[in-house]
1. Hey, which of the helices (runs of 4 or more DSSP H) in region 118-183, taking only ones fully inside, have at least 1 residues that are at negative phi and at pLDDT 90 or above?
2. Of the residues 65, 58, 25, 86, which single one is out of contact with any His (no Cβ under 8 Å at 6 or more places or on another chain) and within 24 Å of residue 176 (Cα to Cα)?
3. Can you find even one residue in region 53-66 that is in contact with an Asp or Glu (Cβ under 6 Å, 6 or more places away or on another chain) and β-branched (Val, Ile, Thr)?
4. Suppose the filter is in contact with a helix residue (DSSP H, G or I) (Cβ under 8 Å, 6 or more places away or on another chain), of a type in the set (Lys, Arg) and assigned by TED's automatic domain parsing to the domain that holds residue 159; does residue 83 pass it?
5. Of all the helices (runs of 4 or more DSSP H) wholly in region 1-117, which have at least 1 residues that are at pLDDT 85 or above and acidic (Asp, Glu)?
6. So which of 26, 37, 70, 16 is surrounded by 11 or more Cβ atoms within 10 Å (Cβ to Cβ), small (Gly, Ala, Ser) and touching a strand residue (DSSP E or B) at 6+ places or on another chain (Cβ under 9 Å)?
7. Quickly run through region 45-67 and pick out the residues that are buried (at least 16 other Cβ atoms within 10 Å of the Cβ), touching a strand residue (DSSP E or B) at 6+ places or on another chain (Cβ under 7 Å), in contact (Cβ under 8 Å) with a residue 60 or more places away in the chain and farther than 21 Å from residue 20 by Cβ.
8. I need every pair where a residue in region 98-120 that is more than 17 Å from residue 132 (Cβ to Cβ) and assigned by TED's automatic domain parsing to the domain that holds residue 130 has its Cβ under 8 Å from the Cβ of a residue that is modelled with pLDDT under 70 and surrounded by 11 or more Cβ atoms within 10 Å (Cβ to Cβ), sequence separation at least 6 or different chains.
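The values are calculated or read from the model by the stated rules, or taken from the named source; none is laboratory data. Nothing here was measured: the structure is a model prediction, and the numbers come from that model. Glycine also receives a Cβ, built like all others from the backbone with ideal geometry; neighbour counts cover every protein chain displayed.
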Amino acid sequence: MAQEKFKREAVVLDTSLFVNPAVRESFGRTPTEALESFLSLALQVPTLEFYMPPSIFEELLNFIEPEKISGDLLIVLNQKPPKKYELSCPAFLLYELIEDIRERVNKGLRVAEKAVRGVTRIGEEEVIKDLRRKYREALREGIIDSKEDVDLILLARELDAMLITADQGIIKWAEKLGIKWLLPSKFKEYLLSSIKRDHLLAEHLKQ
C-alpha cells in the first residue's frame with residue numbers, strides 16, 4: 001500500500017554519463033565501473049525509472065565489459081524506443097534546424113577558404129589538421145547530428161523525463177522543447193539526494 005504512494009519519475013540516460021572520461025569520474029574510472037556504480041545506486045531509488053533508447057543501449061555495449069556487469073542491468077535500465085510515428089514537434093523547430101544548418105555550412109566554407117589561403121605559409125599537413133578540427137567545430141558542435149541524438153530527445157519528451165547528457169547539441173534542442181536536463185557531473189549528487197528523500201518518505205509512510 002505504501003509503495004502505491006511513491007510518485008515515479010522517468011530519467012533518460014545518454015552514453016556520455018558512462019563513456020566520457022570528463023564526466024563519468026564521480027561513478028568510476030572505466031565505463032564498466034561507472035555503469036556498475038550507477039546500478040548499485042539506482043536500485044536504492046524506487047521513485048525513479050531509468051530509460052535508454054535501444055540505439056543508445058547498443059552504443060553503450062561497445063564500451064563496457066558485459067561479463068563484469070551484474071544481472072541488474074536489464075532490470076534497472078529499461079530499453080524503450082520513442083514513438084516516432086506518434087510524437088509531434090512544433091513546426092518552428094524545423095525552420096530553426098534548417099537555418100542552423102545553413103549557417104554552419106557557410107561557416108564551414110569560410111574555414112575551408114582560410115585553410116586554402118594558408119597552404120603557402122605553413123605545411124600542408126598542418127593545414128589539413130587545422131582544417132579538420134575547425135571544420136568539425138563549425139559543423140558538428142552544438143547540433144544534433146545523429147539518429148541516436150534524436151532518439152534521446154524524443155524519448156525524454158514522450159516520457160516527460162529528466163534527460164542526463166553532456167552533449168551541448170542535445171541540451172540546446174532539449175531546451176527548445178522544454179525538456180528537463182541535467183549534466184552527468186551532477187547526476188550522482190542527484191541520485192544520492194533522491195535516495196535520502198525516498199528513505200525519509202518510506203519512514204513517513206510507515207508511521
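1. Per the criteria, 147-159, 168-176.
2. 86
3. Within region 53-66 (the criterion being in contact with an Asp or Glu (Cβ under 6 Å, 6 or more places away or on another chain) and β-branched (Val, Ile, Thr)), the answer is yes, since at least one residue qualifies.
4. Yes: the conditions hold for residue 83.
5. Details: elements: 16-19, 21-24, 31-42, 54-61, 73-76, 92-117.
By residue number, 31-42, 54-61.
6. The conditions single out 16.
7. Matches in region 45-67: 48 only.
8. Cβ pairs passing all conditions: 100/143; 101/143.
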